[in-house]
Amino acid sequence: MMRRIRIAVCVIFVASCAIFGVYMYQTRMVEDHTPPVISLEEDVVTVSVDAEDAEILKGVTALDDKDGDITGSVRISSMSHFIEKGKRYVTYIVFDQANQAGTAQRTLVYTDYHSPRIYLKDPLRFSLNEVSSGNPSLDLTAEDCLDGDITNQVRTTFDTNYYDMLPGDYSVTVQVSNSAGDVCSIPLKMTLVDPSDREESRKLYPMLEDYIVYTAVGESLDLNAYVTGMMRGSQAYSMEEAQLYLNVGTEDLEISSNVNYEQPGVYTVEYSCTAGGTQGDEGTTETDAVTAVTRLYVVVEE
């Protein structure tokens with residue numbers, strides 16, 4: 001009896017192994033080992049910086065030996081840093097039903113790209129009192145045509161001599177980069193003034209619409225158009241008010257520019273205003289003229 005039971009168990013075991021072997025063989029025969037293939041109509045795709053994914057996917061198709069046409073499942077996998085300004089690699093990916101992946105890469109070129117831009121709405125001029133407790137707050141913003149508002153990524157580096165806390169001009173560099181690795185770096189001059197200096201209190205500083213502006217190679221700017229008024233101490237005057245109350249007009253400004261509109265770079269424009277004397281405390285007239293300078297930074301882009 002026991003012998004029959006042992007024989008039956010052995011027969012069942014052998015049969016189970018055979019069935020399992022057949023199942024595994026059939027599974028492997030029908031299993032999908034071939035990844036899908038992505039085809040590119042062109043090796044380069046040219047788009048605007050505002051292009052939707054559908055435009056970047058133009059001319060991309062995908063076929064799978066089991067699933068057939070799976071073009072609708074192709075996605076953008078990644079984009080590289082720029083290999084040249086406005087040019088990068090885009091990688092596509094697609095999965096078949098067996099979760100096999102196919103990839104392809106080509107060059108993407110933007111037709112209207114420009115580097116990230118930093119803007120400055122107030123002059124870099126601070127009293128010693130303003131900066132005595134720490135670094136001054138620079139009114140900077142930054143925009144990028146790919147990433148949008150990147151103000152929170154702006155980095156500022158001060159000249160080490162600035163920490164001497166003496167009146168004068170100091171070097172400051174502001175910098176920002178975008179997700180494609182393109183960097184905007186602008187060297188500036190920051191002026192520290194002593195508010196208790198009587199000569200400083202007499203200066204008339206030209207006010208500008210912007211303090212960092214951008215243009216393309218070959219496109220010059222009307223530098224006079226950026227002047228909006230004058231400032232003495234903390235008092236701001238429009239140009240009409242300056243003419244009426246201070247007897248100062250745009251004709252009294254001197255503009256000194258080193259901008260080369262044919263060469264990319266960062267250039268400085270100085271707007272100078274020389275003011276005459278003012279009534280002194282004892283009724284005397286101070287006749288020594290004082291000159292105030294405001295700087296505009298012009299970025300000429302490729």
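The values are calculated or read from the model by the stated rules, or taken from the named source; none is laboratory data. If you're wondering where the values come from, they're calculated on a predicted model, not measured in any experiment. In this analysis, Cβ positions are derived from the backbone assuming ideal geometry, glycine residues included, and neighbour counts consider all displayed protein chains. Only protein heavy atoms, including side chains, enter the accessible area calculation; ligands, DNA and RNA are left aside. Shrake-Rupley method; radii C 1.70, N 1.55, O 1.52, S 1.80 Å.
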When Ser196 is evaluated against the numbered criteria (1) open to solvent by 60 Å² or more (accessible area, probe 1.4 Å); (2) modelled with pLDDT of 95 or more, which criterion, by number, is the only one it fails? (2)
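Yes/no matrix, rows are residues, columns are (1) closer than 30 Å to Thr294 by Cβ; (2) of a type outside the set (Gly, Ala, Ser); (3) touching a residue at least 24 places away in the same chain (Cβ under 8 Å):
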position: Glu55; (1), (2), (3): no, yes, no
position: Gly72; (1), (2), (3): no, no, no
position: Ser78; (1), (2), (3): no, no, no
position: Asp96; (1), (2), (3): no, yes, yes
Within segment 61-94, track down each residue that is open to solvent by 60 Å² or more (accessible area, probe 1.4 Å), outside any strand (DSSP E or B) and touching a Lys or Arg at 6+ places or on another chain (Cβ under 8 Å). His81
Go through segment 95-143 and report how many residues are touching a Gly at 6+ places or on another chain (Cβ under 9 Å), surrounded by fewer than 17 Cβ atoms within 10 Å (Cβ to Cβ) and assigned to a loop (DSSP other than H, G, I, E, B). 2
Is it the case, given these coordinates, that Val49 is surrounded by 15 or more Cβ atoms within 10 Å (Cβ to Cβ) and under 23 Å from Tyr89 (Cα atoms)? no
Hits in segment 144-186 (condition: of a type in the set (Gly, Ala, Ser) and in a strand (DSSP E or B)): Gly148, Gly168, Ser171, Ser177, Ser185
Subset of segment 235-249, residues hydroxyl-bearing (Ser, Thr, Tyr) and open to solvent by less than 80 Å² (accessible area, probe 1.4 Å), comes to Tyr237, Ser238
Matching entry among Ile70, Ile56 (being modelled with pLDDT of 95 or more and under 12 Å from Arg106 (Cβ atoms)): Ile56
Restricting attention to segment 33-53, the residues that are modelled with pLDDT under 95 and among the polar types (S, T, N, Q) number exactly 1
Quick check on this structure: which one of Lys121, Lys85 is within 18 Å of Val45 (Cβ to Cβ) and either in contact with a Phe, Trp or Tyr (Cβ under 9 Å, 6 or more places away or on another chain) or at pLDDT below 95 (or both)? Lys85
Checking Lys189, Lys203 in turn, the sole residue that is open to solvent by 70 Å² or more (accessible area, probe 1.4 Å), in contact (Cβ under 8 Å) with a residue 40 or more places away in the chain and outside any helix (DSSP H, G or I) turns out to be Lys189
If Ser256 satisfies all but one of (1) open to solvent by 40 Å² or more (accessible area, probe 1.4 Å); (2) assigned to a strand (DSSP E or B); (3) in contact with a helix residue (DSSP H, G or I) (Cβ under 8 Å, 6 or more places away or on another chain), what's the number of the condition it fails? (3)
Hey, among the residues in segment 168-186 that are of a type in the set (Val, Ile, Thr) and in contact (Cβ under 8 Å) with a residue 60 or more places away in the chain, which one's surrounded by the most Cβ atoms within 10 Å (Cβ to Cβ)? Val176
